[in-house]
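**Student:** Take a look at this one; I'll ask things after.
Values in this text are rule-based calculations from the coordinates and carry no lab data. From a predicted model like this one, the values you see are computed outputs, not experimental measurements. Virtual Cβ from ideal backbone geometry, glycine too; neighbours counted across all protein chains shown.
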């Protein structure tokens, strides 16, 4: 009797285990459907908390960052709402802050929250970092980051980026692939390692895309563009015909001050200055100001000071005005991304503006670098997302200064930045186990050390990245 | 102050005067414009600058008069008003659109159901 009972219990246990295994297998097979429902239903409806809790069931999809996956689902819902909801954003950030180290899904979630707040540059930085995430990352998070970056580029009309990111392995989705193929067809340009899409292929991609109704016009435009099978290098575009000038500086050639101001006003109000303000044009403006300050300005100021009974001396007033002009030339050069040496070569007021801009760029980087140093020394930790945001701000300032100032400015900035960022990255790595953030920092420091030729830093960073 | 605003909001342009105008001219023109703006006369609703027309408001007129009452500030504004106002509204240059570029996609975020950042 006892033997029979024991055999029944063992049999029941085996059947129970088999059933449990089947249930688990079934759940893992149903998980993608669950995620599809969350993203397409709950998140689309803007249900932040419900999406976040429901995503907790998708354990397999967010295997490497489960907590981040929940916040990501909530952030998708937040981004789908008609207007930003700061309470929901704070709640999501709280969920993210509860976790020790930031994962890729959490980073994409932080990017979506930033986008929802209207901080588009910050969101772009985070999505780019998620796409380049080095440690294991949930593929879904990478795809959402890719979709966001492609949408961002498409909205700005940056079609080359759409074509580059839209078909990239690991981050492409049917929607991004459609955008990339359609853009390539309309632009009559090839995609990297991809054939030119046929009409049927384009329709198929469109059919698989999200939000098809928004893409119908693009599909129509792509279909009416003839398919190009053999790509040739396009001929250089003919020079654009010059339209009537908004403000014609040549009309004031007889009055040096009016001429300088006309040029100044013209360039200050020109959109997309970086495409038009060449070193030659910068030199023309600087020379015009030099001519104005050399000739009539002081005479005119002396006369007017006397007439208006101004207490300021004419020389002081002229110097103040010259400083203002120098500051504005520096701001113009920064907007136009004109290299500092080009501005310096203009001489006179151009060289003064170059010095002002150089100091401003270096000071900006130094401030951010010092802030990092103080925080590392005091061991004042921020939430992972905020750590990344702070590092991105420093990196962006450094790279901007390097772009404008060239190697000379890079060499000036690097020792201080290297010391502070290296200590910061070591702290993140050793104490806080933020490998996803600190790894790229070491690699960036190595690349920069090699660029400026700092042998000591190269040796140290090679050791840090394990080369 | 931004270079564009420095020129467009220059008190001399706001009041429709040249830098040679006397203090009396400034006061008279300012009062006249304030009266015209109160009566909502169309001719006072905008003023010309070297960068084209700009809307004129009573606050702008009052602020311009106050700025020109200070000799030090007036000196600076005279310096930045060397250009005469434009004779007619200038047209902005057309944006450079590549020959073969896809149509703009302002609803790129809406494709995924997201709000525009």
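**Student:** Give the Debye-formula value of log10 I(q)/I(0) at each listed q (0.06, 0.07 Å⁻¹), with one equal scatterer per alpha carbon of the protein assembly as shown, two decimals each.
**Tutor:** -0.47, -0.62
**Student:** May I ask you to sort A:413, A:126, A:29 by Cβ crowding, counting other Cβ atoms within 10 Å and putting the fewest first?
**Tutor:** A:29, A:413, A:126
**Student:** Per 10 Å bin from zero, what fraction in whole % of the C-alpha pairs of the stretch B:3-79 is there, up to the bin with the longest pair?
**Tutor:** Percent of Cα pairs in each bin: 20, 57, 22, 1.
**Student:** Pairs of Cα atoms under 8 Å, at least six residues apart: use those to get the relative contact order of the stretch A:13-147, whole percent.
**Tutor:** 22 percent
**Student:** Would you mind giving the mean number of other chain beta-carbons within 10 Å of the Cβ of each residue in A:119-126, as a whole number?
**Tutor:** Per-residue shielding by partner chains comes out at 1.
**Student:** I've got another one for you. Rg to Rh for the stretch A:304-345: what is it, with Cα atoms only and Rh by Kirkwood?
**Tutor:** 1.23
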